[in-house]
Amino acid sequence: MDQTTSPDVRAEISRIVGNITHELKTPLHSILAIAQLLRSEVDGVLNSEQRRQVEMILKNGDSLLELITHLLQYSDLESGTRRAQYEEFKPKEFLEELRLTVEPIAQKGGITIEANFGQLAGMFVSDRRLLRQAISNLISNALKFSPRGGHLALYAATLHDGSLLVEVADSGIGIPQEAQEMIFSEFYQVERTDARRYGGVGLGLTLVKTALELLGGKIELRSEVGQASLFRVTIPNAPERLKRRRILVVDADSAICLALESSFRKEGFEVECGGDADRIESRVAEFRPELIILDIRGFDASGVRALQHTTASSWGRDIPVMVMSSVDGAKERSRAFELGAADYMVKPFDLAELLARVRLQLERVTLKSVA
Ligand code: ADP
């Protein structure tokens with residue numbers, strides 16, 4: 001989009017493009033699902049011509065899906081409202097996962113992937129979704145522009161200053177020197193003398209560049225026509241962006257408070273624990289938690305009141321409330337859910353399970369804020 005267009009107009013155009021592409025995605029998913037069903041031959045064996053036709057539907061459907069996905073990502077990033085959502089993760093696991101998802105596509109295209117992630121250390125803080133978007137676009141280009149029998153090398157390392165270095169190298173058709181800057185512009189594609197169509201609309205690298213800008217990262221390219229291309233990405237580690245997530249525990253039992261405070265803090269959360277359910281509103285106002293764990297003991301009046309007061313209020317309805325109770329009854333559970341509880345734990349609880357459930361609730365909060 002033209003950078004001189006006003007931010008409001010850009011946001012509106014992005015919103016419209018986003019809506020249209022979203023609407024396209026739904027029927028396309030059905031078409032692909034049905035074509036896959038046909039290919040699986042559960043409803044009858046296909047002859048070789050029919051199989052070829054179904055493969056063509058799937059191949060073209062996949063290209064269309066890639067295009068729609070790019071347009072959706074483009075409208076999201078170009079709206080100018082997208083902010084990076086930082087979280088802590090293990091870069092090694094992140095890249096291994098990514099590699100697993102692209103492996104079948106590489107196999108189909110007769111391309112071998114060699115990955116070297118041995119130099120990756122510990123944890124990393126960044127926006128996982130944006131990073132995934134950037135790296136997977138580079139990988140899919142590397143696969144797209146490599147011939148059968150080609151080779152894709154993935155290398156990643158943690159640098160001295162904690163940054164993450166990722167290299168995607170292919171043995172493909174290469175990019176001429178004079179086009180190496182232009183390929184990051186929107187809708188730009190290198191003109192080819194060969195008759196082969198590679199598909200795409202020239203948005204992949206624009207998305208990579210915009211995502212990396214949001215993450216404070218950079219990208220370099222080295223390529224030789226007919227030989228190889230190497231994209232090198234460096235992304236800074238941003239632990240200072242990691243907001244410690246706050247959990248308010250309302251429980252009068254000081255032993256429970258001690259246990260929860262120490263284990264939650266060890267897991268990197270900020271916790272405040274104490275009794276007095278009647279003061280829940282002022283405690284939320286002071287501490288601003290993202291999650292509340294509320295002990296309602298044996299369904300005591302003050303606990304139930306606090307639950308109702310929170311979930312029905314403007315200050316509390318967006319904060320998930322996990323209820324803890326000494327009563328393990330179906331009636332009490334459904335009553336708690338009716339009153340707006342997000343989860344129900346029975347005391348005595350298992351700490352590991354509580355932590356897992358807390359993480360699940362916080363993940364939902366993150367997803368909601370991204371949506
Ligand atoms: P698309 O792949 O959808 O055309 P991109 O923005 O991802 O769009 O790439 C722009 C252009 O850069 C491509 O059309 C292609 O000409 C060139 N290109 C990108 N990656 C590679 C690569 N790994 N090898 C050769 N050419 C590439």
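Below are the figures for this structure:
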| item | result |
| --- | --- |
| Tabulated pairs, the stretch 145-173, first under 21 Å from Val125 (Cβ atoms), second among the β-branched types (Val, Ile, Thr) and within 11 Å of the ligand (Cβ to nearest atom), C-beta under 6 angstrom, 6+ apart or interchain | none |
| Residue list for the stretch 42-59, filter: open to solvent by 80 Å² or more (accessible area, probe 1.4 Å) and under 26 Å from the mean Cα position of the chain (by Cα) | Lys59 |
| Check on Glu66, open to solvent by less than 50 Å² (accessible area, probe 1.4 Å) and within 16 Å of the ligand (Cβ to nearest atom) | no |
| Of all residues making up the stretch 79-92, the number that are open to solvent by 40 Å² or more (accessible area, probe 1.4 Å) and not in a loop (DSSP other than H, G, I, E, B) | 3 |
| Matching option when the condition is under 24 Å from Leu360 (Cα atoms), of a type in the set (Phe, Trp, Tyr) and open to solvent by less than 10 Å² (accessible area, probe 1.4 Å), among Phe264, Phe269, Phe287 | Phe264 |
| Identity of the residue in the stretch 192-242, open to solvent by 30 Å² or more (accessible area, probe 1.4 Å) and of a type in the set (S, T, N, Q), that ends up farthest from the ligand (Cβ to nearest atom) | Asn237 |
| Counted residues, the stretch 143-183 - those being within 7 Å of the ligand (Cβ to nearest atom) and open to solvent by 30 Å² or more (accessible area, probe 1.4 Å) | 3 |
| Where a residue in the stretch 97-123 is closer than 25 Å to Leu159 by Cβ and its partner, wherever it lies, is of a type in the set (Phe, Trp, Tyr) and in a strand (DSSP E or B), with Cβ under 6 Å and at least six apart | Asn116/Tyr155 |
| Test: Leu138 is more than 15 Å from the ligand (Cβ to nearest atom) and among the aliphatic types (A, V, I, L, M) | no |
| The lone exception for Leu95 - which of (1) within 16 Å of the ligand (Cβ to nearest atom); (2) open to solvent by less than 40 Å² (accessible area, probe 1.4 Å) it fails | (1) |
| Residue match in the stretch 116-125 (condition: open to solvent by 20 Å² or more (accessible area, probe 1.4 Å), more than 16 Å from the ligand (Cβ to nearest atom) and either in contact with a Leu (Cβ under 6 Å, 6 or more places away or on another chain) or among the aromatic types (Phe, Trp, Tyr) (or both)) | no |
| Condition check for Leu28: within 16 Å of the ligand (Cβ to nearest atom) and either among the polar types (S, T, N, Q) or open to solvent by less than 80 Å² (accessible area, probe 1.4 Å) (or both) | no |
| Tabulated pairs, the stretch 277-291, first β-branched (Val, Ile, Thr), second open to solvent by 80 Å² or more (accessible area, probe 1.4 Å), C-beta under 7 angstrom, 6+ apart or interchain | Ile280/His309 |
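The values are calculated or read from the model by the stated rules, or taken from the named source; none is laboratory data. The shown structure was predicted, so the numbers you read here are calculated from the model rather than taken from an experiment. Using ideal geometry, Cβ is built from the backbone for each residue, glycine included, and neighbour counts are taken over all protein chains shown. These area figures cover heavy atoms from the full protein model, side chains too; ligands, DNA and RNA do not enter into them. Shrake-Rupley method; radii C 1.70, N 1.55, O 1.52, S 1.80 Å.
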